[in-house]
Amino acid sequence: MRLKVKAFSHIYVEDAAREHPRALAILKRFPNSQVVFIDDYQNVFGRGRQDFWKQKASPKLILALKKDNFLYAGNDLLQGNQSPNFCYNALVLNCPYDCHYCYLQGMYAGANMVAFVNLEDYFEATNQAILSRSDPENPLHLAISYDTDLMALEGKLGYVSEWIAWARHRDDILMEIRTKSARGRFFKEMEPTTTARFAWTLSPEAISKRYESGAPGLSQRLRAINSAAKAGWRISICVDPILQLPGSDGLYKEFVELLSKELPWENIERVELGVFRVGSTFFKRMLKRQDTDLLQYPYEHDKNAVSYKREERERLVEGVLQPLLKNISKEKIFVWT
Ligand code: SF4
């Protein structure tokens, strides 16, 4: 079932951001929203006793200025962390989609979305990070769409276009834009660049329908990937998280067969595989979710993370990895187990 989100009836704007040109431009795209000025975004976004899932059905947008922490280092649960120059930023907090396995449900007090409008400060911080990267022989590997799906918001925010324009003529950065979106037209209209790689997350259609509420289905994502490939964009694929469910072995078998036929393999430079995993603190909060069976599995709680047992993790990954080797070489497949 696809979630119908009635989004952004209200837009909260931090006083410090009210004259910012990007805030003014975004407000113009929401002529019917009620605008409310606030002192500090945390007074709305971070306040106590919010109902995450109730808000998810009708989230509000908050426009704010990010004051510090423009870049974060990777952690052991993130895939891109395998690159020595990896870092990520948080341009938007929370996501318009509602994947039942998503750690964001346990990360924030509510489901309203914050968009930081001072991208110029992020660009400056990124310039500094490029200069001090640990492996200067390789570009900075910056993920710009981690705690959200920026492409799903592109029509309203335009942040992906802005970052691509900023990075287009550089040779010292590779931006990764992780997405489940299906904006095929974007790739036809914008000139491709080597400094950006789009990383599509794909799941079997039945899993997408049941557990990725609001996100485009598999066939729509495959169409967008093919449009991007045809236009010459850099592409990677993430089958992450792989889930253990009744009948999932058969589902993933059919899914990989479909990917073998439908993906433009000659254009795919990297595949990432990983099983469901989430930090223990976030998981405890996610368990309050009432409308899913996904979180009720007898997961293993190990150190600070919740996932399947090691043998299950390896079996699930192997079930996808082995048949994929018909399409792409092993050196291009990166696995989190
Ligand atoms: S698309 Fe990604 S960030 Fe958005 S809800 Fe799903 S898993 Fe979370």
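The values are calculated or read from the model by the stated rules, or taken from the named source; none is laboratory data. For clarity, every value in this text was computed on a predicted model and none was experimentally measured. Here the Cβ positions follow ideal geometry from the backbone for every residue, glycine too, while neighbour counts run over all protein chains shown.
Looking at Ala143, Ala199, Ala224, which one is closer than 28 Å to Val13 by Cα and either within 16 Å of the ligand (Cβ to nearest atom) or crowded, with 20+ Cβ neighbours inside 10 Å (or both)? Quick ask: steps written out before the conclusion?
Working: Ala199 fails: closer than 28 Å to Val13 by Cα; Ala224 fails: closer than 28 Å to Val13 by Cα.
That would be Ala143, the only listed residue that is closer than 28 Å to Val13 by Cα and either within 16 Å of the ligand (Cβ to nearest atom) or crowded, with 20+ Cβ neighbours inside 10 Å (or both).
So for segment 79-89 (the condition being touching a Gly at 6+ places or on another chain (Cβ under 8 Å) and in a helix (DSSP H, G or I)), does at least one residue qualify? So far as segment 79-89 goes, yes, one or more of its residues are touching a Gly at 6+ places or on another chain (Cβ under 8 Å) and in a helix (DSSP H, G or I).
When the test is whether a residue is closer than 30 Å to Lys288 by Cα and of a type in the set (D, E, K, R), Asp98 passes it.
From Gln82, Gln55, which residue is at pLDDT below 95, surrounded by fewer than 16 Cβ atoms within 10 Å (Cβ to Cβ) and not basic (Lys, Arg)?
Values: Gln55 fails: surrounded by fewer than 16 Cβ atoms within 10 Å (Cβ to Cβ).
Every option except Gln82 fails the conditions.
Test Ile62 against the criterion of being under 14 Å from Leu157 (Cβ atoms), touching a residue at least 40 places away in the same chain (Cβ under 8 Å) and part of a helix (DSSP H, G or I), and give yes or no. No. Of all residues in segment 193-216, those that are over 18 Å from Leu245 (Cβ atoms) and among the small types (Gly, Ala, Ser) have Cβ atoms under 7 Å from Cβ atoms of residues that are in a loop (DSSP other than H, G, I, E, B) and within 12 Å of the ligand (Cβ to nearest atom), 6 or more apart or on another chain, in Gly214/Leu3; Gly214/Val5; Gly214/Pro96; Gly214/Tyr97.
Each residue in segment 9-34 was checked for being within 14 Å of Lys66 (Cα to Cα) and either hydrophobic (A, V, I, L, M, F, W, C) or surrounded by 14 or more Cβ atoms within 10 Å (Cβ to Cβ) (or both), and 8 of them qualify.
If you go through segment 146-168 and keep only what is away from the ligand (no atom under 12 Å from the Cβ), among the charged types (D, E, K, R) and within 22 Å of Lys28 (Cα to Cα), you end up with Glu154, Lys156, Glu162.
When residues of segment 273-293 are filtered for being of a type in the set (A, V, I, L, M) and surrounded by fewer than 18 Cβ atoms within 10 Å (Cβ to Cβ), how many remain? Can you show your working first?
Let us first name the residues in segment 273-293 that are of a type in the set (A, V, I, L, M), namely 273, 275, 278, 286-287.
Going one step further and asking which of them are surrounded by fewer than 18 Cβ atoms within 10 Å (Cβ to Cβ), we end up with 287.
Residues meeting the conditions: 1.
Among the residues of segment 37-55, is there at least one that is closer than 25 Å to His141 by Cα, over 14 Å from the mean Cα position of the chain (by Cα) and part of a strand (DSSP E or B)? Break it down into steps so the answer makes sense when it comes.
At the first step, the residues of segment 37-55 found to be closer than 25 Å to His141 by Cα are none.
No.
Would you confirm, using the coordinates I've provided, whether Ser248 is of a type in the set (Ser, Thr, Tyr) and modelled with pLDDT under 95? Yes: the conditions hold for Ser248. Among the numbered conditions (1) of a type outside the set (S, T, N, Q); (2) at pLDDT 95 or above; (3) in contact with a strand residue (DSSP E or B) (Cβ under 8 Å, 6 or more places away or on another chain), the only one that Ala25 does not meet is (3). One residue stands out in segment 299-337 among those that are of a type in the set (Phe, Trp, Tyr) and under 10 Å from Gly274 (Cα atoms): the one that is modelled with the lowest pLDDT, namely Trp336. Against the criterion of being free of Cβ contacts under 8 Å to residues at least 12 places away in the same chain and over 30 Å from Phe52 (Cα atoms), Glu300 does not qualify.
Out of curiosity, is Ile235 touching a residue at least 40 places away in the same chain (Cβ under 8 Å) and either surrounded by 19 or more Cβ atoms within 10 Å (Cβ to Cβ) or polar (S, T, N, Q) (or both)?
no
Quick grid of which residues meet (1) crowded, with 23+ Cβ neighbours inside 10 Å; (2) within 10 Å of the ligand (Cβ to nearest atom):
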position: Cys95; (1), (2): yes, yes
position: Tyr103; (1), (2): no, yes
position: Asn118; (1), (2): no, no
position: Phe123; (1), (2): no, no
position: Ile130; (1), (2): no, no
position: Asp135; (1), (2): no, no
position: Arg170; (1), (2): no, no
